[in-house]
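Note sheet for the following structure.
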Amino acid sequence: MSAQYHDVEVTKAVHASFLKLREEKTRLGNALISTYLKLGFPREAILVFVSLSSPTVVSYTALISGFSRLNLEIEALKVFFRMRKAGLVQPNEYTFVAILTACVRVSRFSLGIQIHGLIVKSGFLNSVFVSNSLMSLYDKDSGSSCDDVLKLFDEIPQRDVASWNTVVSSLVKEGKSHKAFDLFYEMNRVEGFGVDSFTLSTLLSSCTDSSVLLRGRELHGRAIRIGLMQELSVNNALIGFYSKFWDMKKVESLYEMMMAQDAVTFTEMITAYMSFGMVDSAVEIFANVTEKNTITYNALMAGFCRNGHGLKALKLFTDMLQRGVELTDFSLTSAVDACGLVSEKKVSEQIHGFCIKFGTAFNPCIQTALLDMCTRCERMADAEEMFDQWPSNLDSSKATTSIIGGYARNGLPDKAVSLFHRTLCEQKLFLDEVSLTLILAVCGTLGFREMGYQIHCYALKAGYFSDISLGNSLISMYAKCCDSDDAIKIFNTMREHDVISWNSLISCYILQRNGDEALALWSRMNEKEIKPDIITLTLVISAFRYTESNKLSSCRDLFLSMKTIYDIEPTTEHYTAFVRVLGHWGLLEEAEDTINSMPVQPEVSVLRALLDSCRIHSNTSVAKRVAKLILSTKPETPSEYILKSNIYSASGFWHRSEMIREEMRERGYRKHPAKSWIIHENKIHSFHARDTSHPQEKDIYRGLEILIMECLKVGYEPNTEYVLQEVDEFMKKSFLFHHSAKLAVTYGILSSNTRGKPVRVMKNVMLCGDCHEFFKYISVVVKREIVLRDSSGFHHFVNGKCSCRDLW
């Protein structure tokens, strides 16, 4: 009674009376022990136990289970050893359950296995409670496997629902969902047990791919039939299940019908909304959570990162610090990822320092995230230092993958390929789906088709081709290597597609400026009722640049109906794409009106899209207004600083241009130099403007002089307006003639005399107008096709014409 009402004074009074009794009342003593432990007074419980002249198995068991409940598992183990040493009392089934529970809680699995032997000798394996505790022990032991749990399950003579749940849970944890479902069906067929909420929740969590989609729906139906739809855990699991399979209507319907919600519900809803890109809805759910905890904060922060909202994620992290919310490794990993998205060098250094103080030196996830952050925040030297000093006890494969990706992002493709080959030979790089996907992305960035093809063959031999992400990367790689046929073939042979698969192939057509094929694929998506995401709509709007102008009305309809039909608010990316389409077709005034009607202040990327269109159509009046708007904005990224500086230079305001560049340097930003490269004999040959580092530099410059002379003869006129340096006309021509793309194309012509074979060159920025004209003339002079990929897509120069029709 005193334990029920949490009255320790009553318990102590009973204890005093107990001590005055002449005859020992062991049953009363046992009750006192249990009561003290339930009230949280272990010292008093020990005093009662010590006062017993003949403690029974109930006395020992009460102490063991009570200590275990109070997180005093070591004390519980000592009591068990004391009982065994005395040898007067033998443990019963409840004792074994209590001691096994203590072993699991303090990870003393080897001791638990020894106790297993004692249980067999004592004949208590017949007890379903003891058997279940043993199965739980093996399930939690990292040194054991689900095979050990299954073996024990097969041996025990009696089973209950908890027995089946333990083995099903063990199978699910090891990723053996099909076997778990087989056992579930056997449970219903042979034993006739009724499943409970734990069974359904566990099985639903295992439904992660389309092969078990129907089974997940079957579980939903089962929950309805047996009346478990009001169970909180079942509803939470169903929300998680349907969010994995992109059925937001089901998710919202379940949420609205729930009679009660908990922290897990809110976390699942935040995660679901974020996975659908519905950031505002996720924030609204978070705001309505009365008792926010680390898990809900982490879910929202990870969602911000997933949707590219780095600043919002960092602000939430700051809020966690100010409110004293407990930080976990997951919290720090998201904060570091957010820094990578923002690409602010100083902020990244602060977060880096915080992580070191927090003591994350031996956490591989955070260390890998920090390395990746450095590569995204112009701190490649720091990233290289981290990589060189990588602790030997941590897996270096993910770090290797991360720095290879960093080299590719920072315009160092040669280093990326070199490190890939070196670490592969040193067996420091484990090629799994993740690393293969990243290496394929590097191959795509480089346009290194031969290497990409080798990776493709390896993936096939290793049995990875069923991985959707890998298939998507192959599509993207072949697309960027100007091999649209193989990209289409990969798409058609994939067993499953997600929205990224469709986006990758649409992007392939856009790179080739084939808008009609891109829109045809978009129609197929609609026919299959595949829900587009933000990227899909950006790509589809962009595709209208490369169709006939009579299709512009469809582009307008799509842009204006995004919110109504697809529940996606137009973002800066959508406005940029739409303005580029209008500008491409010369509708500059409509593009300007679109910008002026934006509900928020237009970002520089939107203004730049219109400025580029003004250049193509030589419209100076609109260009001046747009340039004025750009100059009035405060630059936030290196590219925005460069744009602003270039506008001043083009207008002859050299002093202001230099001031902008000085401010840029003070903030620690640096301009990534324009770079062009060509793959020859499986080696990357890179060039920057006026480059003299190539071993064949003299031959290249001599060959370029000859090409310039021949092009001048057939009508080429250098356009020095593209030189934004304050130098004389002679120097401007010198700068112009030695652009990186011209050097790369010249090397390509010299190194391969095979007639009919195109010269393939890659460039990391937009091709300048003068180079574009020059290559048209070169294609006539050398009678060869020049294929050049810049940031806008592919240019095919053949017989004096370009596939872009001079509109890029």
Residue by residue through segment 103-111, the couplings from Karplus 6.51 cos²θ - 1.76 cosθ + 1.60 with θ = phi - 60°, in Hz, x for Gly and Pro, are 4, 5, 5, 10, 6, 8, 6, 5, 5
Angle between the Cα long axis of helix 433-446 and the longest principal axis of the chain, 0 to 90 degrees, nearest 10?
10 degrees
If I take the Cα coordinates of the chain and project them onto the principal axes, what are the three extents in Å, biggest first?
123, 54, 53
Taking H as built 1.01 Å from N, whose amide H comes closer than 5 Å to the amide H of ASP395, not counting residues under 5 places away?
none
Going through segment 309-402, which GluC sites (Glu not before Pro) have at most 13 other Cβ atoms within 10 Å and a DSSP loop state?
GLU326
Tell me, what HN-Hα J-couplings in whole Hz come from the Karplus equation 6.51 cos²θ - 1.76 cosθ + 1.60 at θ = phi - 60° for each residue of segment 630-637, using x for Gly and Pro?
5, 5, 7, 8, 8, x, 10, 10
Placing one equal point scatterer on each C-alpha of segment 530-571 and summing with Debye, one gets log10 I(q)/I(0) at q = 0.29 Å⁻¹ equal to -1.07
Which whole-Hz couplings ³J(HN,Hα) result when phi for each residue of segment 352-357 is put into the Karplus expression 6.51 cos²θ - 1.76 cosθ + 1.60, θ = phi - 60°, listed in order with x for Gly and Pro?
4, x, 4, 5, 5, 5
Sum up the charges of everything whose Cβ sits under 13 Å from the Cβ of PHE420, counting Lys and Arg as +1 and Asp and Glu as -1, but leave PHE420 out.
+1
Compute the projected area of the convex hull of the Cα atoms of segment 362-416, averaged over all viewing directions, and report it in nm² to one decimal place.
3.2 nm²
Out of segment 515-567, which trypsin sites (Lys or Arg not before Pro) are coil in DSSP terms and have no more than 15 other C-beta atoms within 10 Å?
LYS528
Could you name the aspartates and glutamates whose alpha carbon sits less than 18 Å from that of LYS776, not counting residues in the same chain fewer than 8 places away?
GLU705, GLU710, GLU717, GLU785, ASP790, ASP806
On a 0 to 90° scale, report how tilted helix 294-306 is relative to the longest principal axis of the chain, with both axes built from alpha carbons and the result rounded to the nearest 10.
20 degrees
Quick check on packing: order 139-146, 295-302 by the mean number of other C-beta atoms within 10 Å, highest mean leading.
295-302, 139-146
Quick one: of the DSSP bridges fully inside the chain, what percent are antiparallel, nearest 5?
80 percent
For a 20 Å ceiling on Cα separation, which of these pairs sit above it: LYS173/LYS244; LYS398/LYS763; LYS249/LYS292; LYS249/LYS563; LYS480/LYS733?
LYS398/LYS763; LYS249/LYS292; LYS480/LYS733
Residues with beta-carbon under 9 Å from that of VAL626, excluding VAL626: net charge, scoring Lys, Arg +1 and Asp, Glu -1?
+3
Could you give log10 I(q)/I(0) at q = 0.12, 0.13 Å⁻¹ for segment 436-591, computed by the Debye formula over C-alpha point scatterers of equal weight, without solvent?
-0.54, -0.62
To the nearest 10 degrees, how steep is helix 397-409 against the longest Cα principal axis of the chain, on a 0 to 90 scale?
20 degrees
Measure of compaction for segment 642-773 (Cα Rg per 2.2 N^0.38 Å):
1.17
Tell me which residues come under 5 Å, amide H to amide H, from LYS675 once H is placed; ignore anything under 5 positions away on its chain.
ASN764, VAL765
Cβ-based net charge around VAL434, under 13 Å, with every Lys or Arg adding one and every Asp or Glu removing one:
-4
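Over the alpha-carbon set of segment 511-650, divide Rg by the Kirkwood Rh and report the Rg/Rh ratio to two decimals. The partial results should precede the final answer.
Details: Rg = 15.7 Å, Rh = 15.8 Å.
With Rh from the inverse mean 1/r over Cα pairs, Rg/Rh is 0.99.
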Let me check against my output: what whole-number percent is the relative contact order of the chain, with C-alpha pairs under 8 Å and at least 6 apart?
4 percent
Computed from the mean reciprocal separation of all distinct C-alpha pairs, what Kirkwood hydrodynamic radius does segment 307-431 have, in Å?
14.9 Å
Counting only protein heavy atoms and rolling a 1.4 Å probe, one gets per residue an accessible area for the chain in Å² of 49 Å²
Checking rank on 225-234, 601-610, with mean other Cβ inside 10 Å and highest first, the result is 601-610, 225-234
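The values are calculated or read from the model by the stated rules, or taken from the named source; none is laboratory data. Everything quoted here is computed from the prediction, not taken from an experiment. As a convention, Cβ positions derive from the backbone with ideal geometry for all residues, glycine included, and neighbour counts pool all protein chains shown. Note: areas computed on protein heavy atoms with side chains; ligands, DNA, RNA excluded. Shrake-Rupley method; radii C 1.70, N 1.55, O 1.52, S 1.80 Å.
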